[in-house]
Structure formats: structure tokens, C-alpha cells
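S.K.: Just dropping this structure here.
The values are calculated or read from the model by the stated rules, or taken from the named source; none is laboratory data. Note that this is a predicted model, so its numbers are computed, not measured. Here the Cβ positions follow ideal geometry from the backbone for every residue, glycine too, while neighbour counts run over all protein chains shown.
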Amino acid sequence: GLDPIAPGDFAALVEDVWPIVESVGETGPYGDVTFFEMLTAMAFVWFERVGADFQVVEVGLGGRLDATNVVAPEICAITNISLDHMSTLGTSIAAIAGEKAGIIKPGVPVVVASQPAAALEVFRQVAAEKGAPLTDVSSERSWRMLESDLSGQSFELAGPNGKRMLRIPLLGAHQLDNAATAVTVLETLAESGVTLSDESIARGLENVKWPARMHFASRNGRLVVADGAHNPHSAMRLVEAVRDHVEFRRVFLVFGALRGHSLAGMLSELKQLAPEVLVVRSRDPRSLASDEVAEEACRQGLAVISVTEDVGAATRSALERAEADDLIIGTGSLTVAAEVIEEMEGVDPELYPYLDRQSEKVG
């Protein structure tokens, strides 16, 4: 269903799974179970308990060695890849594609979204080796935007099954690519007898909810967009989407980043908007110090107007500085985007009380 698991059910799952986690850590050959591995196991147990008809399982990181790669899928899908998590997945598109291709299974159909040529070559090779039928969405489907506003965009999708007129509540050309990939997955599943009506597919796309992706909010006539862009490629997509869909005079950028991501690369893309930058440090334990982020921003010639460790305070400051025709963007990581949304929508914050700097804040 669409409802999140209830807190009580989640707590019960933790109690049920924890003894196994401890046992595996003590007796297994691979060391302690990671946080993500435990959550993955909990999810599979929960899906079985509620009698889920289908599970849509998203890889956590990479694919080949990911905890989710224990499933025997009906179909696999690989969205557009870029240079990210390079310390873990590799420093080239081909290397990262090799890790992503680890989810391709013998004889199981695989659908790939628009890809860099080097990535598509890897996917085709692995699919051929495993006898997995591959559908390249960008060469077998076409789509064009029909109209858009801040609530989403309507588009036409054409393929072997004819044309569809669809709408998604997401902005950016890349989201049309994602939607086309999702529809292609469903059309491919239909070939094996798993069918959804055209109306169900259209309604599903219309009801998509993806927080922190071109997520709009406003206060006193000032427009704010929170976006979880956290690498150069997604920052580029954010810049494109803002230019395509939003009218603005100046940009105030509430920006912070996490360790392990390309700080310089992101700022290089975002500086195309000539923003005034409010540097922040989110509460995430992996967040980079504000001074480190500010130093790189200044090195690239960006106008840094404040440095703080409080995303909410920076957001309020940007709102005070902005005029009605200006735009405020909160980005650099999902946690920065989330904390901007907390401020704008009155969401209770997620705290990390074991951190010294957080303990000082919450007293």
C-alpha cells in the first residue's frame, strides 16, 4: 500500500530481527550486519507478513554487492547513471556501470533508461552474456513535454504499444526519462502476463510523490525549492529544471554537502545560476563542516553571504533577504533539502543526539 509502516509495527520488526542480526555478526564469516542490511531484511519480513503481491525493491548502493541483490526478480530496471559514490563504485562510468549491471539476472528482462554510451555498452554486454532481454528506453521510446507548471508536466509517450498522454507531478526533463522507464517496465511485464490497465498506469504517474525533488514551498510570497541533488550530474539537472520551469531574478542558495560527494563539481554546476550562497551544515553525521564548504565556494568565485550550521536559520535568513521575484534553492544533499522542508512545512526534525554538536543544540 501507500501508507508507511506504523511505528509499533516497525518496533516489533526490530525486536524480531535483532537476535538474528546479533547471531550473524557473531558467527557469520562477513562481520557485523550493516544498518542498511538490517533494514533490507526487515522490509522483506514485513512484505511477507502483509502478503504483498509485488515488491518494488530499490538498490541501496551500486547493485552487485548490495543487500537487495538477493532477490529473484521478475524484471530489472537501471536508471540513468553518473559519477557518484566513486570511492566505492569506481572512478569511471564503465566501472560504475559494471557494479550496476550486477543486478542483471540470467534470462530476466532488463530495462535501461537513457545512459552514457560507455554505460550502455556495459549493460548490453552483461545482458548478452546472461541471456537477459534488454530494452533501451531511449532508442525504443520517444517522449515530448506538452505543458508544465509548478505542479508538474504533461507529456506524450510513444512506443511499440502506441501513444500515451500522461502527467507527472515532477519537473525536469530527466523526470520524463524516469517516467518513460517506469512505463516501459510495466509494458515489458505485461508480455509475461502481469498487466495493469492504461488508466491505472496514468493514475499511478499522476499520484507520484517524491519529496525533496523540485519540492516547492512558499512563505510571504517568497518561493523556495528544495532538491536533493548531491552530485554534479543531479546539480546540472536541477539547474536545467529551474531554468526551464521557474521565472526568477536572483537566486539565494542554501547549500551544504556530505563527505564522499563531489563538492567542487556540484558548485561548478550551481554557479551557473549566479547565486548568493548561504552555506550550511545539515545534522547528518556525514555532513561537511560549513567552513570547508564555504572555502570551496569562495575558491570558485561564488558570493558567500553567510556560514552557519543551522539549515533552518539559513532558510529564514534567505526568506528575509529575498524579494518577491527571487528564488531560494536548498540543495547539496538530501539532508539539506529535508531540513529546508522541515523549516518550510513545520515538520518535526530528525535528531542525532549522539553527536556532540547536536547534543549542544538540543541541550
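S.K.: Looking at the range 278-298, which of its residues are among the small types (Gly, Ala, Ser) and in contact with a Lys or Arg (Cβ under 7 Å, 6 or more places away or on another chain)?
M.R.: Those that are among the small types (Gly, Ala, Ser) and in contact with a Lys or Arg (Cβ under 7 Å, 6 or more places away or on another chain): Ser287, Ala289, Ser290.
S.K.: May I pose another question? Could you check the range 274-291 and list, in sequence order, the residues that are under 20 Å from Gly228 (Cα atoms) and surrounded by fewer than 17 Cβ atoms within 10 Å (Cβ to Cβ)?
M.R.: Ala274, Pro285, Arg286, Ala289, listed by residue number.
S.K.: Let me ask something else. List every residue pair whose Cβ atoms sit under 6 Å apart, with the two residues 6 or more apart in sequence or on different chains, where the first one lies in the range 225-248 and is farther than 16 Å from Ala264 by Cα and the second, anywhere, is of a type in the set (Val, Ile, Thr).
M.R.: Qualifying pairs under 6 Å: Val225/Ile329; Ala226/Val340; Ala226/Ile341; Asp227/Thr331.
S.K.: Anything in the range 149-158 that is modelled with pLDDT of 95 or more and surrounded by fewer than 19 Cβ atoms within 10 Å (Cβ to Cβ)? List them, or say none.
M.R.: Ser154, Glu156, Ala158
S.K.: Here's a follow-up. Of the numbered conditions (1) touching a Ser or Thr at 6+ places or on another chain (Cβ under 9 Å); (2) surrounded by fewer than 20 Cβ atoms within 10 Å (Cβ to Cβ); (3) in a helix (DSSP H, G or I); (4) among the hydrophobic types (A, V, I, L, M, F, W, C), Met165 satisfies every one except a single condition; which is it?
M.R.: Here Met165 clears every test but (3).
S.K.: Can you spot a residue in the range 178-195 that is β-branched (Val, Ile, Thr), exposed (fewer than 14 other Cβ atoms within 10 Å of the Cβ) and within 26 Å of Asp53 (Cβ to Cβ)?
M.R.: Within the range 178-195 (the criterion being β-branched (Val, Ile, Thr), exposed (fewer than 14 other Cβ atoms within 10 Å of the Cβ) and within 26 Å of Asp53 (Cβ to Cβ)), the answer is yes, since at least one residue qualifies.
S.K.: In the range 238-258, is there at least one residue being within 14 Å of the chain's Cα centre (by Cα) and not assigned by TED's automatic domain parsing to the domain that holds Leu170?
M.R.: Within the range 238-258, one or more residues are within 14 Å of the chain's Cα centre (by Cα) and not assigned by TED's automatic domain parsing to the domain that holds Leu170.
S.K.: Which one of these does Gly172 not meet: (1) out of contact with any Phe, Trp or Tyr (no Cβ under 8 Å at 6 or more places or on another chain); (2) at pLDDT 95 or above; (3) closer than 19 Å to Gly204 by Cα?
M.R.: (2)
S.K.: Here's another thing I want to ask about it. So if I check each of Arg237, Arg259, Arg243, Arg203, which one is farther than 12 Å from Ile328 by Cβ, charged (D, E, K, R) and buried (at least 20 other Cβ atoms within 10 Å of the Cβ)?
M.R.: Result of the check over Arg237, Arg259, Arg243, Arg203: Arg237.
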